Amino acid sequence: MTYLITGGAGYIGAHVVRAMTQAGERVVVLDDLSTGDRNRVPEQVPFVLGSTLDRALLDRTIAGHAVTGVVHLAAKKQVGESVELPLHYYKENVQGLQVLLEAIAAGGVRQLVFSSSAAVYGMPDVDLVTEDTPCVPMSPYGETKLVGEWMARAAGRAHGISTACLRYFNVAGAATPELADTGVFNLVPMVFEKLTVGQAPQIFGDDYPTPDGTCVRDYIHVEDLADAHLVAARALAAQSADAAAATDASAAASGTARDLTLNIGRGEGVSVREMVDLIAEVTGHTEIAATVTPRRPGDPARVVAAADAIADELGWTARHDVRAMVTSAWEGWCLHHPEASAAVVPS
Ligand code: WQD
């Protein structure tokens, strides 16, 4: 088994590479380094510079490395940017997946794990979001993830490819400081950035219909997320092995492929205020109180996963809590921003 990890030089991708190699799986990484960091890819892991839009490169990579499974993480993922540049997001996220699926089908690859997102749900008005909750994405980014799921499932049925679409909720934390997220596009690093320059963290609205008035989200440690990819990839491989053992290739393409769509969350809601207070405690930055600003357009009050489907299907559950996420994220932040740890006001 050799897995092609697209986007393996990114924050989440590098954690998936780490989890799979530590579990003894053979991987090869493809990344265009538009947002990824080459230094995140271990020296012993083969690296291919390029995009999933490059069909010839994909064909060469799949053949040259005898790829049997793909974990597709390469994508643009900023909600706000997707509103400004929708066609760029559709090209990278949808066309990029379409070309990859063509290469997978042509190359006889039988498994695909696809990085989807809770953004496909939009503003779900439910206590816990299940995989059957209607998908009404509110941004071009969320649309591209939903269209991606449709393409992956349709290609899977037509070409006998087992697929697992994993809907990430809010990812945070780091397995090691070196692998920490260097982007500042989500709550935890955005609060870190404010504290590092001595400014007040911002809470985007405290008049939501939630216990403390601030938005509630389901945070998942990136190490747990990476582990879920390993478990999903192995489940699809087992399915393909069973199908191949049972019949010949034509039968394998006749609908025996597996098709999973799974939330990846902890099933536990944490409010923005609770996260901001936890960050103050963990970083020692208790000297700067957060300020409440107007709501950010498009923010749902509550998005929390029902996490039992992945437990039932794959026997996977998250192991880390939000304190571990914040602590590991801060250690990574301080590695990349040495001025931050020095900024802590002596108690
Ligand atoms: C979380 C909460 C903000 C910063 C997005 C994508 C989703 C996924 C995760 C990729 C919100 C509040 C934030 C700040 C704040 N990405 N906030 N002050 O919007 O839940 O989800 O990222 O798959 O697809 O939609 O994450 O981290 O941006 O915000 O109050 O300085 O924190 O309003 O309620 P979000 P987020």
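Where a number appears in this text, it was derived from the coordinates with a stated rule and is not lab data. All values reported here derive from a predicted model rather than from experimental measurement. In this analysis, Cβ positions are derived from the backbone assuming ideal geometry, glycine residues included, and neighbour counts consider all displayed protein chains.
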**OP:** Round to a whole angstrom and tell me the spacing of the C-alpha centers of region 129-145 and region 1-49.
**Re:** 27 Å
Subject >> Exposure proxy ranking, count of Cβ atoms within 10 Å, fewest first, for 161, 288 >> reply: 288, 161
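Rounded to the nearest 0.05, what FRET efficiency do residue 39 and residue 319 have when you use their Cβ-Cβ distance and R0 = 30 Å? Could you put the intermediate results ahead of the total?
Working: r = 27 Å, r/R0 = 0.90.
Calculated value: 0.65.
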Original post:
Modelled label-to-label distance, residue 335 and residue 299, 7 Å Cα→beta-carbon offset: nm?
Top reply: 2.9 nm
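Quick one: order 150, 330 by neighbouring beta-carbon count within 10 Å, fewest to most. Before the final figure, lay out the partial values.
Working: 150 12, 330 25.
Neighbour counts put them in this order, fewest first: 150, 330.
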**OP:** Taking 7 Å along the Cα-to-C-beta vector as the label spot, tell me the residue 197-residue 158 distance in nanometres, rounded to one decimal.
**Re:** 4.8 nm
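What's the exposure ranking of 212, 207, going from fewest to most Cβ atoms within 10 Å?
Details: 212 14, 207 11.
Fewest-to-most ranking of 212, 207: 207, 212.
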**OP:** Give, in nm to one decimal, the length gained when the segment between residue 63 and residue 95 is fully stretched (0.36 nm per residue of separation minus the Cα-Cα distance).
**Re:** 9.4 nm
Original post:
Using a Förster distance of 22 Å, how high is the FRET efficiency between residue 85 and residue 2, based on the Cβ-Cβ distance and rounded to 0.05?
Top reply: 0.05
Original post:
How long is the chain along each principal axis, judged by its Cα atoms, biggest number first, in Å?
Top reply: 67, 43, 38
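How much length would be gained if the chain were fully extended between residue 210 and residue 277, taking 0.36 nm per residue of separation minus their Cα-Cα distance, in nm to one decimal?
On the way: separation 67, 0.36 × 67 = 24.12 nm, distance 1.66 nm.
Answer, rounded to one decimal: 22.5 nm.
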Subject >> Rounded tilt (10° steps) of 140-159 against the dominant C-alpha axis of the chain >> reply: 20 degrees
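Can you give the convex hull volume per residue for the Cα atoms of region 1-158, as a whole number of Å³? Present the calculation step by step, with values, prior to reporting the outcome.
Working: hull volume 18.5 nm³, N = 158.
Output value, Cα hull per residue: 117 Å³.
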**OP:** Just grab the label-to-label distance for residue 289 and residue 126, each label 7 Å out from Cα along the Cβ direction, in nm (one decimal).
**Re:** 3.9 nm
**OP:** Mind listing the long-range amide H neighbours of residue 48? Cut-off is under 5 Å, sequence gap 5 or more, other chains count too, H placed in the peptide plane at 1.01 Å from N.
**Re:** 29, 30, 31
Original post:
Of the lysine pairs in the chain, how many meet both conditions: Cα atoms under 15 Å apart, and a spacing of 8 or more in sequence or different chains?
Top reply: 5
**OP:** Per DSSP H run of n ≥ 4, the term is -39500 (n - 2.57); total these for the chain, divide by its residue number, and report the mean residue ellipticity at 222 nm rounded to 500 deg cm²/dmol.
**Re:** -12000 deg cm²/dmol
**OP:** Between residue 311 and residue 55, take the C-beta separation as r, use R0 = 25 Å, and let me know the FRET efficiency to the nearest 0.05.
**Re:** 0.10
**OP:** Please work out the C-alpha center-to-center distance from region 82-115 to region 296-319 and express it in whole Å.
**Re:** 24 Å
